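Colleague: This structure is in structure tokens; I'll ask about it shortly.
Please treat every number below as a calculation from the coordinates, not as lab data. This structure is a prediction, so every number in the text was calculated from the model and none was measured. Cβ sites come from the backbone with ideal geometry, for glycine too, and all protein chains shown count toward neighbours.
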Amino acid sequence: MSEFIDISAQAGVLTVRMNRADKKNALTSEMYAALAGALDQAAEDASIRATLILGVPGAFTAGNDIGDFLKVAMGGERGSNAVFDFLERIICAKKAVVAGVDGMAIGVGTTMLMHCDYVVASQVSIFKTPFVDLGILPEAGSSLIAPGMMGHHRAFALLAMGETFSAEDAREAGFVNRVVPSAELEDRARAAAAEIASKPAEALRIARDLVRGDRADVLARMREEAVLWQDRLKSDEARTAFMAFMQKGQKKPA
Ligand code: COA
């Protein structure tokens, strides 16, 4: 449970909204745990046929809460493995996952989309993974998936250079299906989820399993990345970058 994750079910669709607007939906351990719980709920409840992930207007998510990163960088223990629990759930999700993105999709906000089955993004959306600039590295198995999805050069630009992708870039790269005006975003994402939920469930399951293929390699890469993360989070490069971000906030005029 998290006060920043809203979950509701209607007509076979479980809608999960990241809702921490004042922090641009930066994700805390509690929020990851709630997201993982929602995916468990979708898996266990026979009446749920698809999960829809949404953010708030202008912010899908600004990625992992950098304050949480900083705690680990300063020698604290990672409070929980909630982020990895969430990533495992979404990588192995047994039912379709749809996302509706408006505005910024940063870090895991971009990489989680590579595990969704259908993504609608508004025209103003931007996708960015500033991992290297933060002294850390790509996660969620993205280092394996992205090169196959968009080719080495674009994957390098996105994941290693931290280049910003527009909604159209993301569509061309293969992790966004449709680009729509912001005003239509949620309706279009809901319609896609409803369409999926209305299809013959067993036939859809078989088709989806075939299309997605075996996820063991993605899971293995995600775990490999996770081990490297533990060291990178405590590196001087990462500590410096996290402190610079947090101090920027403190220097804002009141
Ligand atoms: N972790 C923690 N707090 C975050 C955050 C994050 N990832 N992203 C945004 N916030 C907070 C800001 O510190 C600020 O808090 P404050 O109002 O208490 O100062 C608030 O959310 C609004 O963000 P702000 O930076 O003022 O908004 P903006 O529109 O100018 O910029 C971003 C938005 C997302 C471009 C910018 O906040 C940013 O670069 N965030 C970090 C993204 C990131 O690197 N994520 C990790 C990826 S691994």
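Colleague: As a quick test, which of the pairs Lys24/Lys94; Lys23/Lys248; Lys24/Lys248; Lys24/Lys71 have an alpha carbon distance above 18 angstrom in this structure?
Modeller: Violating the 18 Å limit, Cα to Cα: Lys24/Lys94; Lys24/Lys71.
Colleague: Give the distance, in whole Å, between the Cα centre of the range 161-199 and the Cα centre of the range 47-72.
Modeller: Distance between centres, Cα-based: 16 Å.
Colleague: Follow-up question, since we're still on this one. Output the antiparallel fraction of DSSP beta bridges having both residues in the range 54-189, as a percent to the nearest 5.
Modeller: Taking every DSSP beta bridge with both residues in the range 54-189, the antiparallel ones total about 20 percent.
Colleague: Between rounded, prolate and oblate, where does the range 1-95 land on the alpha carbon gyration tensor, with a ≥ b ≥ c its root eigenvalues, rounded for a/c under 1.5, else prolate if a/b exceeds b/c?
Modeller: Oblate shape, in that a/c is at least 1.5 and b/c is the bigger or equal ratio.
Colleague: For the range 213-221, take each phi angle, set θ = phi - 60°, evaluate the Karplus expression 6.51 cos²θ - 1.76 cosθ + 1.60, and give the result in whole Hz per residue in order, putting x for glycine and proline.
Modeller: x, 6, 9, 4, 5, 5, 4, 5, 5
Colleague: Within the set of other residues whose C-beta is less than 12 Å from the C-beta of Pro147, count the net charge using Lys and Arg as +1 and Asp and Glu as -1.
Modeller: +2
Colleague: Relative to the longest principal axis of the chain, what angle (0 to 90°, nearest 10) does the C-alpha long axis of helix 236-250 take?
Modeller: That helix lies at roughly 80 degrees to the long axis.
Colleague: Points 7 angstrom from Cα along the Cβ direction at Phe245 and Asp214: gap in nanometres?
Modeller: 3.6
Colleague: Treating cross-link reach as a plain straight distance, find the aspartates and glutamates whose alpha-carbon is under 14 Å from the alpha-carbon of Lys234, omitting any fewer than eight places away in the same chain.
Modeller: Straight-distance partners of Lys234: Asp68, Glu77.
Colleague: Between 0 and 90 degrees, rounded to the nearest ten: what's the tilt of helix 29-44 against the longest Cα principal axis of the chain?
Modeller: 20
Colleague: Which value in nm describes the separation of the simple spin-label points at Glu163 and Ala46, placed 7 Å from the Cα toward the beta carbon?
Modeller: In this crude label model, Glu163 to Ala46 measures out at 4.9 nm.
Colleague: What distance in nm lies between label points placed 7 Å from Cα along the C-beta direction at Ala191 and Asn81?
Modeller: About 4.2 nm, to one decimal.
Colleague: Turning to a different aspect of this structure: Compute the long axis of helix 201-212 from its Cα atoms, compare it with the longest principal axis of the Cα atoms of the chain, and write down the angle in degrees, 0 to 90, nearest 10.
Modeller: The angle comes out at about 40 degrees.
Colleague: How much length, in nm to one decimal, is gained on full extension between Ser198 and Asp6, taken as 0.36 nm per residue of separation minus their Cα-Cα distance?
Modeller: Computed gain between Ser198 and Asp6 is 66.8 nm.
Colleague: Follow-up. Just want to confirm a number: the relative contact order over the range 88-156, from Cα pairs under 8 angstrom separated by 6+ residues, in percent.
Modeller: Relative contact order, the range 88-156: 29 percent.
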